[in-house]
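*Asks:* Take this structure, written in structure tokens, and hold onto it; I'll ask about it next.
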């Protein structure tokens, strides 16, 4: 029997995620939004593409959460980007309300689903989902490091002049300006990237990784969606196929890295239950300081986000 993946939010990220999940043959997809015309239109478009792609999975567009009944995974892409004149507190308040309501509605029909959160600020929205009724924090995973690490890998590959798939890397911490790329863990075909890059190239790759999302907004006037969609599909696949992949994701910390009570990106093993376990890295003092600063930023935003509820 095919799995069911519900994606709440039929914007660019939701549509790209649906397409990536379908082409990977991960299961049937339910695309939800408050205006049923948009998900129904995208579902029709994707069903026509399916004839050419041959994946055999169904896609339904709807505004009714009943259509998501007994989903295995709920992907939350709904929310708004920050707009001119809008403070970060304004964004937190609006998206916290949206994510909180989505979580409550989805839990009515899929009480055992794993939730993958993509709405920003993602570390805060994971906590909002927890407060909205998902008691088991292992079933809440935030999109952060999978996308950020892909950006680091792409930047490193460009600087080294190698194919992107030969590069491995790691980004942890906040999904935002406080993210912590870890050059020490960057490799090209198993070799330390430092053998191929100068210190200046390494630093530029780090800077380009941190600014990757904002640069896309500058170019297009809208947020990235192909990269987030692909990253979300990788996470969905790890859960549905119980792969045990180790991926950098926003997860609940309960003392790991000396941090407790917030969601933050760290390497985790993903499986059928969501976060199977967290991987604790042996960090240098400099890396520990960067992670601590990132955690402090998340904690401040999380307090503001919960206060908005």
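*Asks:* If I filter segment 94-114 for residues that are modelled with pLDDT under 95 and touching a helix residue (DSSP H, G or I) at 6+ places or on another chain (Cβ under 8 Å), do I get at least one hit?
*Replies:* yes
*Asks:* Ok, one more. Give the residue that is surrounded by the fewest Cβ atoms within 10 Å (Cβ to Cβ), with candidates limited to residues of segment 145-183 that are modelled with pLDDT under 95 and farther than 21 Å from residue 235 by Cα.
*Replies:* For segment 145-183, the residue satisfying everything is 177.
*Asks:* Related question: Quick check on segment 184-194: of everything there that is surrounded by fewer than 20 Cβ atoms within 10 Å (Cβ to Cβ) and either modelled with pLDDT under 95 or over 21 Å from the mean Cα position of the chain (by Cα) (or both), which residue is nearest to residue 286 (Cα to Cα)? Outline the logic, then answer.
*Replies:* Step one: list which residues in segment 184-194 are surrounded by fewer than 20 Cβ atoms within 10 Å (Cβ to Cβ), which gives 184-185, 187, 189-192, 194.
Filter once more, so that each one left must be either modelled with pLDDT under 95 or over 21 Å from the mean Cα position of the chain (by Cα) (or both): 184, 187, 189-192, 194.
On the way: 184: 12, 187: 20, 189: 26, 190: 24, 191: 23, 192: 19, 194: 18 Å.
It comes out as 184.
*Asks:* Let me ask something else about it. Looking at (1) without any contact (Cβ under 8 Å) to a residue 40 or more places away in the chain; (2) under 18 Å from the mean Cα position of the chain (by Cα); (3) part of a strand (DSSP E or B), which is the only condition residue 60 fails?
*Replies:* Only one criterion in (1) without any contact (Cβ under 8 Å) to a residue 40 or more places away in the chain; (2) under 18 Å from the mean Cα position of the chain (by Cα); (3) part of a strand (DSSP E or B) is unmet by residue 60, namely (2).
*Asks:* Go through segment 275-307 and give me each residue that's surrounded by fewer than 18 Cβ atoms within 10 Å (Cβ to Cβ), touching a helix residue (DSSP H, G or I) at 6+ places or on another chain (Cβ under 7 Å) and under 22 Å from residue 132 (Cα atoms).
*Replies:* Those that are surrounded by fewer than 18 Cβ atoms within 10 Å (Cβ to Cβ), touching a helix residue (DSSP H, G or I) at 6+ places or on another chain (Cβ under 7 Å) and under 22 Å from residue 132 (Cα atoms): 304, 306.
*Asks:* With (1) at pLDDT 95 or above; (2) under 30 Å from residue 6 (Cβ atoms); (3) assigned to a loop (DSSP other than H, G, I, E, B) as the list, and residue 197 as the residue in question, which single condition is left unmet?
*Replies:* Only one criterion in (1) at pLDDT 95 or above; (2) under 30 Å from residue 6 (Cβ atoms); (3) assigned to a loop (DSSP other than H, G, I, E, B) is unmet by residue 197, namely (2).
*Asks:* Of these, 56, 27, 41, which one is touching a helix residue (DSSP H, G or I) at 6+ places or on another chain (Cβ under 7 Å) and more than 30 Å from residue 298 (Cβ to Cβ)?
*Replies:* Working: 56 fails: touching a helix residue (DSSP H, G or I) at 6+ places or on another chain (Cβ under 7 Å); 41 fails: touching a helix residue (DSSP H, G or I) at 6+ places or on another chain (Cβ under 7 Å).
Matching residue, one of 56, 27, 41: 27.
*Asks:* A further question on this structure: Could you go through segment 243-254 and let me know if any residue there is out of contact with any helix residue (DSSP H, G or I) (no Cβ under 7 Å at 6 or more places or on another chain), touching a residue at least 60 places away in the same chain (Cβ under 8 Å), crowded, with 18+ Cβ neighbours inside 10 Å and not in a loop (DSSP other than H, G, I, E, B).
*Replies:* Yes: one or more hits.
*Asks:* Going through segment 11-32 one residue at a time, which ones are assigned to a loop (DSSP other than H, G, I, E, B) and either within 16 Å of the chain's Cα centre (by Cα) or within 17 Å of residue 115 (Cβ to Cβ) (or both)?
*Replies:* Within segment 11-32, the subset assigned to a loop (DSSP other than H, G, I, E, B) is 11, 24-27.
Matches in segment 11-32: 11, 26, 27.
The values are calculated or read from the model by the stated rules, or taken from the named source; none is laboratory data. As the structure is a computational prediction, the values presented were derived from the model and not from experiment. When we count neighbours, we look across all protein chains shown, and the Cβ atoms used for this are built from the backbone with ideal geometry, even at glycine.
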